[in-house]
1. Contact list please: Cβ distance under 6 Å, first residue in the range 1-23 and open to solvent by less than 40 Å² (accessible area, probe 1.4 Å), second residue among the charged types (D, E, K, R), pairs at least six apart or on different chains.
2. Kindly list, by first and then second residue, each pair from a residue in the range 123-141 that is more than 12 Å from ILE21 (Cα to Cα) and modelled with pLDDT under 90 to a residue that is of a type in the set (Gly, Ala, Ser) and not in a helix (DSSP H, G or I), limited to pairs with Cβ atoms under 8 Å and residues at least 6 apart or on different chains.
3. Test GLY177 against the criterion of being in a helix (DSSP H, G or I) and modelled with pLDDT under 85, and give yes or no.
4. Residues in the range 42-62 that are more than 14 Å from GLY10 (Cα to Cα) and open to solvent by 20 Å² or more (accessible area, probe 1.4 Å): how many?
5. Output the residue which, of all residues in the range 242-265 that are in contact (Cβ under 8 Å) with a residue 40 or more places away in the chain and exposed (fewer than 12 other Cβ atoms within 10 Å of the Cβ), is farthest from VAL142 (Cα to Cα).
6. Is there a residue being open to solvent by 10 Å² or more (accessible area, probe 1.4 Å), of a type in the set (D, E, K, R) and farther than 17 Å from THR16 by Cα anywhere in the range 162-181?
7. Taking the condition of being outside any helix (DSSP H, G or I) and touching a strand residue (DSSP E or B) at 6+ places or on another chain (Cβ under 8 Å), how many residues in the range 144-174 meet it?
8. From ALA235, ALA226, which residue is assigned to a helix (DSSP H, G or I), at pLDDT below 90 and under 11 Å from ALA54 (Cβ atoms)?
Amino acid sequence: MGFVEAIVLGLVQGLTEFLPISSSGHLLIVPDVFGWDDPGASFTAIIQLGTIAAVLAYFRHDLARIFAGAWRGIRSAEQRDGNQELRLFTMVAIGTIPIAVAGLVFSDQIEHGVRDLRLTATMLIVFGIVMELADRLGRQRVDIERLTIRSGVLIGFAQALALVPGTSRSGATITMGRALGLKRQAAARYSFLLSIPAVVLSGLYGLKDIGDGVQIVPTLVATVVAFVSGYVSIAFLIDYLGKHGMTIFTGYRIVVGVLVLAFLV
C-alpha cells in the first residue's frame, strides 16, 4: 500500500465512520473504484482506532463526567440511587456485548464472507430506506438521560448489524434510537459512546495481523488521517442533526448503492 492510498483510505474512514453511510462499505467501494486491492478487515479495524481517538477527544468532558460519576457509584452504595452517569456507563457496557459476541462467533465470515460489493450495495439501499422511515416516524421525545436499559440493549443489538459492510454502525444505532423515540442528537451521542468499546476491541483484535498482510507505516498514516477527519465528521453530524433529518444520508446511500450495482452488472 502506497502513501496516497493510505491517506485516501484514512480520509474515507474518518469522514464516513460517524456519518450513517457505512465506513466499511466505502472502504470496499473506494479501492475498487481506483483499482486497488481490498485493504482487508484487519486494516479497516485498526484504522478505526483513529476515529475512536477522535470520539475520545471530542467527548472528553462528557467521558470524564461519566467515568467520575460511575466510579462514585461503584465505590459507594449511597451514590448509586439516581446516578445517571453509572446508569449510562452500565448501558454502554451491556450494549457492547452483542457486537463483541457476534464479532468473535462470525470472525471468519466478517473477514471474508461478507466482504462482497453486491451485498454492500444492497445493504446501503435497504438500510438507507429503513433509516429514513425510522427517522420520519420516530418521536423526538427522549433525551440521553432518560434512555432505558431496554433501549440501550436494543441499540447494542442494532450495532452488531454493522459487522456487515454497507449497514453503517452509526446508521444502525441512530436508526434504532430514533425508532425508540430518542431525539436525533441524543441518538447520535449514545451511538458515539457505544462505539468506543466496540471499535477499540475490534481494532485491538485486528492488531494481530500487523506484519502479516497489514503494513505498519501505511496503516499508521491512515489511522492519523482518520483521527483528524473523524473529529471534523463528529462535529458536523452533531450540529447537522440538531437542525435536519436523515434524508440527505438516505439519498446518498441509495444513489451510491444503485451506482455500484449498475457498474457490477
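The values are calculated or read from the model by the stated rules, or taken from the named source; none is laboratory data. What you see is a predicted model; the values in this text were computed from it and never measured. Cβ: placed from backbone, ideal geometry, glycine included. Neighbour counts: every protein chain shown. Accessible surface is based on the protein model in full, side chains and every heavy atom, while ligands, DNA and RNA are left aside. Shrake-Rupley method; radii C 1.70, N 1.55, O 1.52, S 1.80 Å.
1. ILE21/ARG253; SER23/GLU17
2. ASP135/GLY245; ARG136/GLY245; GLY138/GLY181; ARG139/GLY181; GLN140/GLY181; ARG141/GLY181
3. It is false that GLY177 is in a helix (DSSP H, G or I) and modelled with pLDDT under 85.
4. 6
5. Among them, the one singled out is LEU264.
6. The answer is no; no qualifying residue exists.
7. Kept after step one, since they are outside any helix (DSSP H, G or I), are these residues of the range 144-174: 147-148, 164-168.
Next cut, touching a strand residue (DSSP E or B) at 6+ places or on another chain (Cβ under 8 Å) only: 147.
Residues in the range 144-174 being outside any helix (DSSP H, G or I) and touching a strand residue (DSSP E or B) at 6+ places or on another chain (Cβ under 8 Å): 1 in total.
8. Result: ALA235 is the single residue among ALA235, ALA226 that is assigned to a helix (DSSP H, G or I), at pLDDT below 90 and under 11 Å from ALA54 (Cβ atoms).
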